[in-house]
1. Can you say whether residue 96 is modelled with pLDDT of 95 or more and closer than 26 Å to residue 54 by Cα, as far as the supplied structure shows?
2. Where the second residue is more than 10 Å from the ligand (Cβ to nearest atom) and the first is more than 16 Å from residue 112 (Cα to Cα) and lies in region 145-158, which pairs have Cβ atoms under 8 Å and are six or more apart or on separate chains?
3. Return the pairs, sorted by first residue and then second, in which the second residue is charged (D, E, K, R) and near the ligand (Cβ under 9 Å from one of its atoms), the first residue lies in region 72-89 and is closer than 11 Å to residue 114 by Cβ, the beta carbons are less than 9 Å apart, and the residues are 6+ apart or on different chains.
4. Could you tell me whether residue 42 is among the hydrophobic types (A, V, I, L, M, F, W, C) and in a loop (DSSP other than H, G, I, E, B)?
5. Against the conditions (1) within 13 Å of the ligand (Cβ to nearest atom); (2) within 14 Å of the chain's Cα centre (by Cα); (3) surrounded by 19 or more Cβ atoms within 10 Å (Cβ to Cβ), where does residue 43 fall short? Just the number, please.
6. Where the second residue is buried (at least 22 other Cβ atoms within 10 Å of the Cβ) and of a type in the set (A, V, I, L, M, F, W, C) and the first is free of Cβ contacts under 8 Å to residues at least 24 places away in the same chain and in a helix (DSSP H, G or I) and lies in region 19-32, which pairs have Cβ atoms under 7 Å and are six or more apart or on separate chains?
7. Based on what the data block shows, is residue 22 of a type in the set (D, E, K, R), within 14 Å of residue 161 (Cβ to Cβ) and within 12 Å of the ligand (Cβ to nearest atom)?
Amino acid sequence: MSKVYTIAVLVGSLRKESINRKVALALAELAPANLKLNIVEIGDLPLYNEDIDGGTPPAAYSTFRQQVSSSDAVLFVTPEYNRSVPAPLKNAIDVGSRPYGKSAWSGKPGAIISVSPGAIGGFGANHHLRQSLVFLDVPCMQQPEAYLGGAGSLFDEAGKLSEKTKPFLQAFIDAYGKWVEKQSA
Ligand SMILES: Cc1cc2nc3c(=O)[nH]c(=O)nc-3n(C[C@H](O)[C@H](O)[C@H](O)COP(=O)(O)O)c2cc1C
């Protein structure tokens, strides 16, 4: 049997009814057989502070770092806040990047999908995030780009994904499956 890659999925919104979380869960269902998507929670991470990250770091930092390190790849599903990356997601990125020289992100094949009810689909967040990932040595899938706009109507009352959007998400996650495999060869 061919290898199954474990994917750490980071959702940039902490909201219970988050559209981004719903998209992450939809992607987990649509994922090809070589990917297993697991959402890694970021809501309980204390704001990054070097003073508390000395000798014994907060347990939440250690757990998070371990969850990312032990995954084969990372997938970001995020809204845009004020044309940039939401603070909880940037915080998680910073936590994972330390201690210096031991970044949990290093070399993990990544991909980003930004999701917004707005017209431009979180383009600003998507590209600000790419800036950090360049520095963190996360090779990021370039195509297909994924800026999912008009997302307010993606899911019906029962939480079912719109049939119109399904092929787009399917194409995205299939391409990511191939990308992860290629990067890991
Ligand atoms: C503080 C804040 C800033 C926001 N800034 C933007 C923005 O710059 N661009 C955008 O498209 N939507 C913006 N929004 C709207 C979010 O896209 C919207 O709330 C979205 O549903 C959040 O994703 P979620 O449903 O996964 O929580 C902002 C929302 C908040 C709370």
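1. On the way: modelled with pLDDT of 95 or more: yes; closer than 26 Å to residue 54 by Cα: yes.
Answer is yes for this residue.
2. 153/162; 154/148; 154/161; 154/162; 154/165; 155/161; 155/162; 156/162
3. Correct list of pairs: 77/21; 79/15; 86/80.
4. On the way: among the hydrophobic types (A, V, I, L, M, F, W, C): yes; in a loop (DSSP other than H, G, I, E, B): yes.
Judged against the criteria, residue 42 is a match.
5. Of everything listed in (1) within 13 Å of the ligand (Cβ to nearest atom); (2) within 14 Å of the chain's Cα centre (by Cα); (3) surrounded by 19 or more Cβ atoms within 10 Å (Cβ to Cβ), residue 43 misses just condition (3).
6. Final answer for the pair search is 28/37.
7. Numbers: of a type in the set (D, E, K, R): yes; within 14 Å of residue 161 (Cβ to Cβ): yes; within 12 Å of the ligand (Cβ to nearest atom): yes.
Yes; evaluated as a whole, the condition is true for this residue.
The values are calculated or read from the model by the stated rules, or taken from the named source; none is laboratory data. These numbers come from a predicted model, not from an experiment. So basically every Cβ, Gly included, is an ideal-geometry build from the backbone, and we count neighbours across all protein chains shown.
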